[in-house]
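Structure first, then comments.
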Amino acid sequence: MSVAPLHAAPVPGDDDPHVLVLGRISDDPKAHYVQLKPLLDYVVAHMADVGITSGRILMARDARQMSSYLRRGRVDWVTETSGTGVELQRRSGAQPLLLTERGGASIYHTILFTRADSGIISVADLRGKAVALQGVGSTSAYVMPAATMLAAGLPMEILLSPQDRPDKDSVGYVFARSELNIAAWVDKGMVDAGALSNLDWQDPRRMPGSFRSHMRVLAQTPDYPRALEMVRPGLAPEVRERLRQVLLDAAQDPQAAAAMKRFFGTTRFLQLDAASLQGLDRVREAGARVREQIE
């Protein structure tokens with residue numbers, strides 16, 4: 001058993017049915033390769049009975065490129081956030097295989113917040129205000145909060161910087177890139193509000209307690225899945241089912257423990273139940289609203 005090196009683009013032989021290709025959308029392929037490879041090694045070692053003898057990792061720049069790889073059969077399996085996962089499903093027909101639990105959490109929700117002394121007490125009060133979000137790839141700190149504001153009847157416009165101000169009838173949003181920046185910009189009054197997942201809200205590395213103590217929660221979304229394992233359309237049924245079972249069993253296998261931890265802090269993989277499917281529907285609807293009204 002072997003795992004082939006990272007490729008920046010598909011190479012001849014990528015469609016070899018004996019090779020399992022794991023994909024990831026990445027702006028740091030070298031770092032992500034190190035996180036992905038141990039679990040791919042482990043999975044491949046348990047799939048010889050369905051004809052898988054080696055593995056390969058293939059990175060994409062964005063969802064558009066990854067969707068192309070999935071449609072063309074260049075990637076078999078993708079690990080992504082729920083927002084990106086449903087976007088890949090829309091673009092390529094990829095299907096959710098399993099729910100991914102990271103750090104003991106398989107679901108989370110978004111919190112919209114402001115400083116307690118801001119005078120803002122509801123989402124409606126954000127009209128004419130500036131909100132810090134993380135970036136277009138974030139489910140919890142872009143797609144879900146943006147959809148929440150749009151659903152409240154608030155038009156949104158992108159700002160050039162935290163110093164830029166929106167039209168009086170709109171909510172201006174600016175990308176802060178990191179969770180800590182979102183918290184700090186709200187704390188310092190550079191923006192009027194921000195959005196984080198509830199996990200980041202409770203994490204002192206991302207929302208220091210000294211900041212959180214004087215924040216007000218404006219709204220919380222319902223829960224939705226944190227991350228997903230997706231598979232391409234057309235993947236051989238026996239390979240799909242063997243992959244599902246190997247991942248489900250991995251949490252009970254001590255030999256998989258280190259690889260699971262390296263795999264973005266994964267603690268276990270779970271079957272998609274009715275509640276998680278409903279959560280995915282919320283993410284799908286939010287993504288559609290954001291595409292139609294912002295992008």
**Message:** Yes or no: segment 180-198 includes at least one residue that is touching a Leu at 6+ places or on another chain (Cβ under 9 Å), assigned to a helix (DSSP H, G or I), crowded, with 18+ Cβ neighbours inside 10 Å and among the charged types (D, E, K, R).
**Reply:** no
**Request:** Kindly indicate whether any position in segment 245-259 is buried (at least 21 other Cβ atoms within 10 Å of the Cβ) and touching a Phe, Trp or Tyr at 6+ places or on another chain (Cβ under 6 Å).
**Result:** yes
**Message:** Being farther than 20 Å from LEU277 by Cβ, in contact with a strand residue (DSSP E or B) (Cβ under 6 Å, 6 or more places away or on another chain) and touching a residue at least 40 places away in the same chain (Cβ under 8 Å) is the filter here; which residues of segment 226-262 pass it?
**Reply:** MET260
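Taking the condition closer than 23 Å to GLY119 by Cβ, touching a Lys or Arg at 6+ places or on another chain (Cβ under 7 Å) and of a type outside the set (Val, Ile, Thr), does ALA219 pass? Steps first, answer last, please.
On the way: closer than 23 Å to GLY119 by Cβ: yes; touching a Lys or Arg at 6+ places or on another chain (Cβ under 7 Å): no; of a type outside the set (Val, Ile, Thr): yes.
In short, no.
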**Request:** Test THR114 against the criterion of being assigned to a helix (DSSP H, G or I), hydroxyl-bearing (Ser, Thr, Tyr), touching a residue at least 12 places away in the same chain (Cβ under 8 Å) and buried (at least 18 other Cβ atoms within 10 Å of the Cβ), and give yes or no.
**Result:** no
**Request:** Could you please find all residues in segment 119-152 being touching a helix residue (DSSP H, G or I) at 6+ places or on another chain (Cβ under 8 Å) and not in a helix (DSSP H, G or I)?
**Result:** GLY119, ILE120, VAL131, ALA132, LEU133, GLN134, GLY135, VAL136, GLY137, SER138, ALA152
**Asked** Just checking, which of GLY119, GLY128, GLY137 is modelled with pLDDT under 95 and outside the structural domain of ARG64 (by TED's automatic domain parsing)?
**Response** GLY137
**Prompt:** Restricting attention to segment 165-177, does a residue exist that is outside the structural domain of HIS32 (by TED's automatic domain parsing), touching a residue at least 60 places away in the same chain (Cβ under 8 Å), over 22 Å from ILE25 (Cβ atoms) and loosely packed, with under 13 Cβ neighbours inside 10 Å?
**Reply:** no
**Complete:** Scanning segment 81-112 for residues that are charged (D, E, K, R) and either farther than 11 Å from PRO225 by Cα or over 15 Å from the mean Cα position of the chain (by Cα) (or both) gives GLU87, ARG90, ARG91
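Quick check on segment 274-286. Is at least one of its residues in contact (Cβ under 8 Å) with a residue 24 or more places away in the chain, within 21 Å of ALA105 (Cβ to Cβ) and surrounded by fewer than 17 Cβ atoms within 10 Å (Cβ to Cβ)?
So the first thing to find is which residues in segment 274-286 are in contact (Cβ under 8 Å) with a residue 24 or more places away in the chain, and the list is 275-276, 279-280, 282-286.
Going one step further and asking which of them are within 21 Å of ALA105 (Cβ to Cβ), we end up with 275-276, 279-280, 282-284, 286.
With the extra rule that they be surrounded by fewer than 17 Cβ atoms within 10 Å (Cβ to Cβ), the set shrinks to 275.
Yes, some residue in segment 274-286 is in contact (Cβ under 8 Å) with a residue 24 or more places away in the chain, within 21 Å of ALA105 (Cβ to Cβ) and surrounded by fewer than 17 Cβ atoms within 10 Å (Cβ to Cβ).
The values are calculated or read from the model by the stated rules, or taken from the named source; none is laboratory data. Worth saying up front: this structure is predicted, and the values here are computed from it rather than measured. Quick reminder, even Gly has a Cβ in these numbers, built from the backbone with ideal geometry, and neighbours come from all protein chains shown.
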